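Input: a single structure, listed below in structure tokens.
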Amino acid sequence: MGTPQKDVVIKPDAPSALLSEKHADYIASYGTKKDDYEYCMSEYLRMSGVYWGLTAMDLMGQLHRMNKEEILAFIKSCQHECGGISASIGHDPHLLYTLSAVQILILYESLHVVDVNKIVEYIQSLQKEDGSFAGDKWGIKESPKHQRQTCFRRNRYKVLLLCCSNSCTSRKTGCY
């Protein structure tokens with residue numbers, strides 16, 4: 001067994017309470033400077049980043065500070081003809097970013113923004129015979145590390161399929 005290392009020293013005068021307002025300010029400001037290096041370099045994971053940022057804002061009761069219309073327009077612009085959704089404009093669709101986009105749309109109760117039937121078809125087209133899912137149309141084989149996560153992913157995407165196909169989108173009923 002290894003010896004745990006303390007790699008961070010927290011000073012005694014450091015804040016002991018969660019500074020929610022500072023966190024919300026940071027998240028709300030992220031992406032306002034679209035020419036920033038960090039913003040440009042994170043384009044390949046934009047949709048997931050938007051999802052995690054919005055989820056954090058929702059948990060802090062600050063979702064209203066985000067530009068809902070801009071976010072919904074972005075998601076719509078990332079949906080491809082095949083139904084899949086990409087990380088950002090000009091990228092290829094992938095199951096991960098499709099999941100993030102659907103979760104955002106459910107958070108905003110706005111699944112009507114995209115073609116849900118096409119999303120269902122896209123997800124179904126990626127399902128393999130063993131029940132697992134490929135991430136994209138190329139169906140790249142997963143490494144042993146990723147194979148251990150197949151059961152989790154299989155269930156997560158089946159829930160996503162169920163939610164999309166049954167329009168199970170109300171946050172009020174807890175079905176999302």
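Values quoted throughout were computed directly from the atomic coordinates according to the rules given, and no laboratory measurement underlies them. Quantities reported herein were computed from a predicted structural model and do not represent experimental measurements. As a convention, Cβ positions derive from the backbone with ideal geometry for all residues, glycine included, and neighbour counts pool all protein chains shown.
Normalised by residue number, the volume inside the convex hull of the Cα atoms of the stretch 1-118 is 177 Å³ per residue.
Couplings 3J(HN,Hα) of the stretch 116-122, computed from phi: 5, 4, 5, 5, 4, 4, 4 Hz, in residue order, whole Hz [Karplus 6.51 cos²θ - 1.76 cosθ + 1.60, θ = phi - 60°; x for Gly and Pro]. For the stretch 95-103, the Karplus equation 6.51 cos²θ - 1.76 cosθ + 1.60, evaluated at θ = phi - 60°, returns couplings of 4, 4, 6, 5, 4, 4, 5, 5, 5 Hz by residue, with Gly and Pro reported as x. In terms of the mean number of neighbouring beta-carbon atoms within 10 Å, the peptides 101-107, 32-38, 55-61, 74-80 order highest first as 101-107, 74-80, 55-61, 32-38. Across the stretch 110-115, rounded Karplus estimates of 3J(HN,Hα) from the backbone phi angles (6.51 cos²θ - 1.76 cosθ + 1.60, θ = phi - 60°) give 9, 4, 5, 5, 10, 8 Hz, Gly and Pro being marked x. Using a cut-off of 30 Å between Cα atoms, the listed pairs LYS34/LYS76; LYS34/LYS128; LYS6/LYS68; LYS33/LYS76; LYS11/LYS68; LYS68/LYS118 include LYS34/LYS128; LYS6/LYS68; LYS11/LYS68 as exceeding that distance. Take the Cβ atoms of THR55 and LYS34, set R0 to 30 Å, and the FRET efficiency comes out at 0.90.
Between TYR26 and MET41, full extension at 0.36 nm per residue minus the direct alpha carbon distance yields a gain of 3.6 nm.
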